[in-house]
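The values are calculated or read from the model by the stated rules, or taken from the named source; none is laboratory data. Note that the coordinates shown come from a computational prediction; the quantities given were computed from them, not determined experimentally. Quick reminder, even Gly has a Cβ in these numbers, built from the backbone with ideal geometry, and neighbours come from all protein chains shown.
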Amino acid sequence: MIDPRLPKYQWGQRVKAAVDLINDGSFPDAPANGLLISAGAIGEIVQVGRHTEANVPIYLVEYGERLVVGCLEDEITVL
């Protein structure tokens, strides 16, 4: 069994989208494969979880007041 990787970022940190974030089907009210967040957008980590199969941290980042997007570490950077 592979040991879980510790999260690089923590809850409450302000982050910037490192890449354009595209709808992978998780947002039914947005077009499939449509742009959710542009690279450079500022957000805040509101929860840190784990992808159970890949055993990697997943960060729920709030962009604006109502859009929360799950991000991998390579999709965000600390301000």
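Some points to look at:
- Flag for residue 26 being among the polar types (S, T, N, Q), modelled with pLDDT of 95 or more and surrounded by fewer than 15 Cβ atoms within 10 Å (Cβ to Cβ): no
- When the range 32-54 is filtered for residues that are free of Cβ contacts under 8 Å to residues at least 24 places away in the same chain and either under 22 Å from residue 77 (Cβ atoms) or surrounded by 10 or more Cβ atoms within 10 Å (Cβ to Cβ) (or both), the ones remaining, listed by number, are 32, 35, 38, 39, 49, 51, 54.
- Restricting attention to the range 14-45, the residues being part of a strand (DSSP E or B) and farther than 27 Å from residue 4 by Cα number 4.
- Failed item in (1) within 16 Å of residue 6 (Cα to Cα); (2) part of a loop (DSSP other than H, G, I, E, B), with residue 48 passing the rest: (2)
- Qualifying residue in the range 10-17 (condition: in contact with a strand residue (DSSP E or B) (Cβ under 7 Å, 6 or more places away or on another chain), of a type in the set (Gly, Ala, Ser) and modelled with pLDDT under 95): no
- Top-ranked residue of the range 3-23 - restricted to ones that are out of contact with any helix residue (DSSP H, G or I) (no Cβ under 8 Å at 6 or more places or on another chain) and β-branched (Val, Ile, Thr), ranked as surrounded by the most Cβ atoms within 10 Å (Cβ to Cβ): 15
- Where a residue in the range 58-79 is surrounded by 17 or more Cβ atoms within 10 Å (Cβ to Cβ) and its partner, wherever it lies, is in a helix (DSSP H, G or I), with Cβ under 8 Å and at least six apart: 59/73
- Boolean, residue 73 is acidic (Asp, Glu), under 14 Å from residue 11 (Cα atoms) and touching an Asp or Glu at 6+ places or on another chain (Cβ under 7 Å): no
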